[in-house]
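Asks: Quick one: this structure, given as structure tokens, is what I'll be asking you about.
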Amino acid sequence: MLLVGNGLVLTMGDEQKVIADGAVLVDGAVIKEIGATGELRRRHPEAEFVDAGGKLIMPGQINAHMHLYSTFARGMDTKSAPPKNFLDILNGLWWKLDKLLNKEDIYYSALVPLMECIKTGTTTIIDHHASPYAVKGSLNTLADAAREAGVRAAFCYEVSDRDGEAVTREGIEENSAFLSACRSAADPMVAGLFGLHASFTLSDATLKQCVEAAAATDAGFHIHVAEGREDLQDSLNRSGMRVVERLHHFGILGPKTIAAHCVHVNDREIDLLRETGTPVVHNPESNMGNAVGAAPVLKMLAAGVKVGLGTDGYTCDMFESAKVADILQKHTAGDPSVAWAEVPQMLYRNNPAIASALFGGTLGVLQPGAWADIIVVDYTPPTPLTAANWSGHLHFGVLGRCVETTIINGRIRMLNRRLIDLDERAINARARELAARLWERVK
């Protein structure tokens with residue numbers, strides 16, 4: 001057993017308890033009990049004790065839309081003209097990078113941000129992958145990296161038509177094979193979705209093939225939806241329907257599907273997302289950086305759409321993503337009173353709901369029976385922290401680098417800022433070697 005105690009416990013979940021001098025007892029991969037440190041230590045003297053030193057104990061963070069493969073773009077000269085729009089960014093950066101990835105690149109470009117997840121308190125990610133000339137086995141490669149890091153992760157391969165029929169077929173087969181393996185393994189640490197890039201890179205014929213293949217696996221989809229205006233215009237030109245309408249027409253929406261972005265959606269599309277129970281994932285830093293616009297997050301939430309929060313590969317730090325989501329909605333609305341409740345809802349209620357449905361079990365809360373994903377945060381509140389004001393403390397007082405200890409599925413992955421069983425220096429050194437070689441292949 002493992003006992004994390006002598007801290008200020010913030011349970012999240014429905015109760016949102018704040019327990020002074022609290023502790024969390026872990027039995028295997030799940031939480032067994034929450035209570036006072038002294039009492040739990042007295043009753044469980046055999047448990048390994050992790051001393052929080054009076055700091056904050058809370059559930060691990062969840063990133064509902066991530067791109068691990070983006071790592072090697074950091075500092076890369078793409079040899080492209082400065083982008084003028086979203087398509088320029090895709091053509092000049094991401095669709096150059098993903099074509100150059102090989103299996104070892106995929107592994108190390110995943111392992112580096114997975115370590116960053118641990119260091120910033122992100123214990124679960126839902127990833128979206130592309131490597132058109134290294135499709136087969138790419139998802140197992142990512143899963144191997146996640147297992148080495150010990151981070152809970154879901155993967156998919158983004159099917160598109162942009163690299164020809166053979167690559168499209170490989171993408172469909174890779175999703176199907178990985179989903180079949182996940183179903184057989186029933187591993188609570190690794191899950192899968194059926195990946196699609198976006199409406200504007202998928203023909204009607206390909207969408208039909210993907211729907212048929214996904215039905216055989218009983219999986220939902222993970223797709224970029226109306227991220228840029230280009231996606232909307234293509235859908236209108238191609239079908240006379242807006243993006244969400246086109247996806248609904250093909251049966252892609254639903255509670256098992258993740259619709260990332262949804263920047264350019266109208267009221268009818270928001271109604272369709274609600275009616276189908278389709279979760280949306282907002283990625284504020286990426287949307288701002290790509291200058292694609294601000295998603296109507298507040299309108300979607302008010303309409304009853306389950307909107308979660310991701311990073312789109314921009315960062316591993318969900319505390320940071322939440323801060324940006326808050327100020328983006330305030331700035332867009334021209335109203336400083338908005339988003340105070342909505343952003344915590346996205347990160348601390350909707351993300352756990354999305355992830356729990358995908359992985360099974362209960363995530364994002366400290367309560368008996370939940371998966372033991374726990375972080376200790378170097379934050380001692382300078383003002384009273386209560387069940388009514390905890391979100392203000394996290395918003396103004398905490399960043400990912402405040403995390404000192406990370407426990408995932410009952411395993412300590414970082415203790416007092418030291419990664420466990422991961423040689424960060426060696427991993428980063430090998431990543432630099434591989435990145436340099438990839439950069440040499442950029443034309």
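Asks: Which is farthest toward the positive dipole end of the chain among 52, 254, 221, measuring Cα position about the Cα centre, with Cβ charges +1 (Lys, Arg) and -1 (Asp, Glu)?
Replies: In the chain, that residue is 52.
Asks: Report, to one decimal in Å, the Kirkwood hydrodynamic radius for the range 38-115 based on all distinct Cα pairs. Don't skip to the answer; put the middle values down first.
Replies: Details: mean 1/r = 0.0597 Å⁻¹.
After inverting the pairwise mean of 1/r, the radius is 16.8 Å.
Asks: Quick one: check the C-alpha center-to-center distance for the range 171-213 versus the range 312-352, whole angstrom.
Replies: With the range 171-213 and the range 312-352 each reduced to a Cα centre, they are spaced 29 Å.
Asks: Suppose R0 equals 60 Å; then what is the FRET efficiency for residue 84 and residue 388 from their Cβ-Cβ distance, rounded to the nearest 0.05? Numbers along the way, then the final one.
Replies: Values: r = 47 Å, r/R0 = 0.78.
Calculated transfer efficiency: 0.80.
Asks: Could you tally up the Lys pairs in the range 28-132 with alpha carbons closer than 29 Å? Skip any pair fewer than 8 positions apart unless they're on separate chains.
Replies: 9
Asks: Here's something else I'd like to know. Principal axis lengths of the range 140-260 from Cα atoms, whole Å, largest first?
Replies: Result for the range 140-260: principal-axis Cα extents of 45, 25, 23 Å.
Asks: Kindly work out what percent of the DSSP beta bridges joining two residues of the chain are antiparallel, to the nearest 5. Before the final figure, lay out each step's value.
Replies: Values: 26 of 57 bridges.
Roughly 45 percent of the DSSP beta bridges within the chain come out antiparallel.
Asks: Compute the helix-to-body angle for 138-149: its Cα long axis versus the longest principal axis of the chain, expressed 0 to 90° and rounded to tens.
Replies: The angle comes out near 10 degrees.
Asks: When only C-alpha pairs under 8 Å and at least 6 residues apart count, what is the relative contact order of the chain, in percent?
Replies: Working: 941 pairs, mean separation 91.0, N = 443.
Relative contact order comes out at 21 percent.
Asks: Taking the Cα centre as origin and putting +1 on Lys and Arg beta-carbons and -1 on Asp and Glu beta-carbons, what dipole magnitude results for the range 109-193, to the nearest 20 debye? Don't skip to the answer; put the middle values down first.
Replies: Details: 7 positive and 12 negative charges, 60 e Å.
Around 280 debye, computed over the range 109-193.
Asks: Also: Quick one: dipole size for the range 61-359, taken about the Cα centre, charges +1 on Lys/Arg Cβ and -1 on Asp/Glu Cβ, in debye to the nearest 20. Don't skip to the end; give the middle numbers.
Replies: Working: 26 positive and 36 negative charges, 56 e Å.
Magnitude of the dipole: close to 260 debye.
Asks: Once the convex hull of the C-alpha atoms of the chain is built, how many Å³ does it hold per residue, rounded to a whole number? Can you show the working numbers first?
Replies: Values: hull volume 58.9 nm³, N = 443.
Enclosed volume per residue, from the Cα hull, is 133 Å³.
Asks: Have a look at 382, 351, 290 and report the one farthest towards the positive end of the charge dipole of the range 265-403, computed about the Cα centre with Cβ charges (Lys/Arg +1, Asp/Glu -1).
Replies: The residue sitting farthest along the positive end of the dipole is 382.
Asks: Cut-off 10 angstrom, C-alpha nodes, Gaussian network model of the chain. Which of 129, 393, 261 fluctuates the most?
Replies: 393
Asks: Using the Cα centre of the range 179-281 as the reference point, and only Cβ charges (+1 on K/R, -1 on D/E), how large is the resulting charge dipole? Debye, rounded to the nearest 20.
Replies: Working: 9 positive and 13 negative charges, 19 e Å.
That gives the range 179-281 a dipole magnitude of about 100 debye.
Asks: Return the calculated 222 nm mean residue ellipticity for the chain, to the nearest 500 deg cm²/dmol, obtained by summing -39500 (n - 2.57) across DSSP H runs with n ≥ 4 and dividing by the residue count. It would help to have the intermediate numbers written out before the result.
Replies: Values: 17 runs with 177 residues, N = 443.
My calculation for the chain gives -12000 deg cm²/dmol from helical runs alone.
Asks: Of 128, 180, 149, whose Cα points farthest to the positive end of the dipole of the chain (charges on the beta-carbon: +1 Lys, Arg; -1 Asp, Glu; origin at the Cα centre)?
Replies: 149
Asks: Report, ordered by chain and residue number, the lysines lying within cross-link reach of residue 256, taken as a straight Cα distance under 17 Å and ignoring same-chain residues fewer than 8 apart.
Replies: The qualifying lysines are 306.
All of the numbers you see were taken from the coordinates with simple rules; none came from a lab. Only a predicted model underlies this, so the values are computations on that prediction, with no experimental measurement involved. Glycine gets a Cβ as well: all are built from the backbone with ideal geometry, and neighbour counts include every protein chain shown.
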